[in-house]
Amino acid sequence: MIKLVKTDSDNSDFVFLVKLLNDYLKITDGDDHDFYNQYNNIDVLKHIIVAYVDNKPVGCGAFKKYSESDVEIKRMFTRPEIRGQGIASKILKELENWSKELNFEACILETGKRQIEAVQFYKKNGYIITSNYGQYKNVTDSICFKKDIN
């Protein structure tokens, strides 16, 4: 059974999962890792979901306010050994619902072109490729997505 917990960036299980995520991204992002990593400080995140299976942390995701109407999805990760069981989709849906409760209208996010599984995952969950935003505007290896949650 999957248990989803709302928390913040002080949660030690979240910190642990983000370390695993960063280790994974160092490999897949290669030389671009330092550029992307500068935008991934977790201390600014106040809206976090951690997923547990058998009381073990197996996945996480977060969002932060991007504009008056949009939140940015951040730090989505599921441990590799437990992928394919719908955990990430449950985390993402919970983040969308939480955003909606706070009167936001859309979720935006960025992922790297090399993150093929992530690109497929976001498409499967109703996200549409959009123009690169903010710090990703001129980054050719970035793909940005948006989903209306109203």
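The values are calculated or read from the model by the stated rules, or taken from the named source; none is laboratory data. Source: prediction; values computed, not measured. Cβ coordinates were reconstructed from backbone atoms using ideal geometry, including for glycine residues, and neighbour counts include every protein chain displayed.
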The condition from (1) modelled with pLDDT under 95; (2) exposed (fewer than 12 other Cβ atoms within 10 Å of the Cβ); (3) under 24 Å from Val5 (Cα atoms) that Lys124 misses is numbered (1)
Hey, could you check region 124-150 for residues that are in contact with a helix residue (DSSP H, G or I) (Cβ under 8 Å, 6 or more places away or on another chain), among the β-branched types (Val, Ile, Thr) and in a loop (DSSP other than H, G, I, E, B) and say which is farthest from Glu105 (Cα to Cα)?
-> Val139
The number of residues in region 46-61 that are out of contact with any Phe, Trp or Tyr (no Cβ under 8 Å at 6 or more places or on another chain) and not polar (S, T, N, Q) is 6
Candidate set: region 4-20, residues that are among the acidic types (Asp, Glu) and outside any helix (DSSP H, G or I); chosen: the one modelled with the highest pLDDT = Asp8
Does Phe35 fit the bill of being modelled with pLDDT of 95 or more, out of contact with any Cys (no Cβ under 8 Å at 6 or more places or on another chain) and aromatic (Phe, Trp, Tyr)?
-> no
